[in-house]
């Protein structure tokens, strides 16, 4: 799962990136710098428990990949995203908008303001405009070629929706239509998490920047943290971090909070594969069919799918081994249409 971290210059975007991923990317670089890349492992006690049983050569957790794109330089017409950033974000599964909600006279906002809701609105408009331009060019090309087909009609609907000031994620589309549009990687169609970056004075306050109301109105998930403080905490030992967070009332670790929130927002879960070579957690959307889960591992397994041998983690651990789980009737053979459950341990049977 790849997440694009976006926001205006001086929002503390890279500070938040460092806090969540444990990276040490340079803060305050703009425009010409490349994107910062990092990944975080998703802690999973089920992987640890299975690894203790199988003693595999490799233990692999699910992970989130992050791309922190460089914001534009400051200026009267400052934008959050330039053409390079827009291109980098095409491959992201979701976007995380770091919203400035702190005052700092030494770190000025590029638009000479600290208005979190206005920033949310402005960046949303940028995403919609980027999609509008892509649609407009595609429609012009199809009209020139005389191809007023199904795609043409679908894109006209998308354009009309954006013209109302609404993002494509709010357009009523069938599953088939979503697949037809997937190749365009429209930015305003991607889920967005708002991450309010607050100053120390806001710690413990209830919605100090008014972001919760905006998030509720637009169907966004919101998490709140103090990026600067979180970065300082990551440099401490585990015991010191716990005591420090408790004293300041910081709540969950930023990494833990982010993972939990992202899984909920994106409707994600994990299934497991286990054996001597590797014990691994695989991230998939909820309600994924067995044949599609197989494709997450390898397209050849999906194409040659025969059956899925399934046992839930809880049943496996209660039995103590795969053999005993089979004796207890807890291991099932499922077909392509089986809906994978969180914590399923699956062995796929397939033709090469």
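Readers should treat all values here as calculations from the given coordinates under stated rules, not as data from a laboratory. Source: prediction; values computed, not measured. FYI the Cβ positions are ideal-geometry reconstructions off the backbone, even for glycines, and counts take in every protein chain you see.
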Using alpha carbon centroids, what distance separates segment 273-352 and segment 110-169, in Å?
40 Å
Mind ranking 224-231, 256-263, 157-164 by how tightly packed they are, going by the mean number of other C-beta atoms within 10 angstrom, highest first?
224-231, 256-263, 157-164
How would you rank 58-69, 326-337, highest first, on the average number of other Cβ atoms within 10 Å across their residues?
58-69, 326-337
Under the 7 Å Cα-to-Cβ spin-label approximation, residue 65 and residue 326 lie apart by a distance in nanometres of 3.7 nm
Stick to the Cα atoms of the chain, pair each with every other, and give me the Kirkwood hydrodynamic radius in Å at one decimal.
22.6 Å
Working out 0.36 nm times the residue gap between residue 216 and residue 37, then minus their Cα-Cα distance, what length gain in nm do you get to one decimal?
61.4 nm
Subtract the Cα-Cα distance of residue 347 and residue 309 from 0.36 nm times their separation in residues, and report this length gain in nm to one decimal.
13.2 nm
Using DSSP, restrict attention to beta bridges with both residues in the chain and report what percent are antiparallel, rounded to the nearest 5.
50 percent
Round to the nearest 0.05 the FRET efficiency obtained for residue 49 and residue 25 when R0 = 22 Å and r is the Cβ-Cβ distance.
0.05
Taking the Kirkwood radius as the inverse of the mean 1/r across Cα pairs, report the Rg/Rh of segment 287-350.
0.99
Per residue of the chain, what 222 nm ellipticity follows from adding -39500 (n - 2.57) for every DSSP H run with n ≥ 4, rounded to the nearest 500?
-12000 deg cm²/dmol
Would you please put 187-198, 44-55, 80-91, 171-182 in order of how densely packed they are, using the mean number of other Cβ atoms within 10 angstrom per residue and starting with the highest?
187-198, 80-91, 44-55, 171-182
Potential extension, residue 156-residue 241 segment - 0.36 nm per residue separation minus Cα distance
25.3 nm
Mean separation of Cα contacts under 8 Å (6+ apart) over length of segment 2-265, as relative contact order %
23 percent
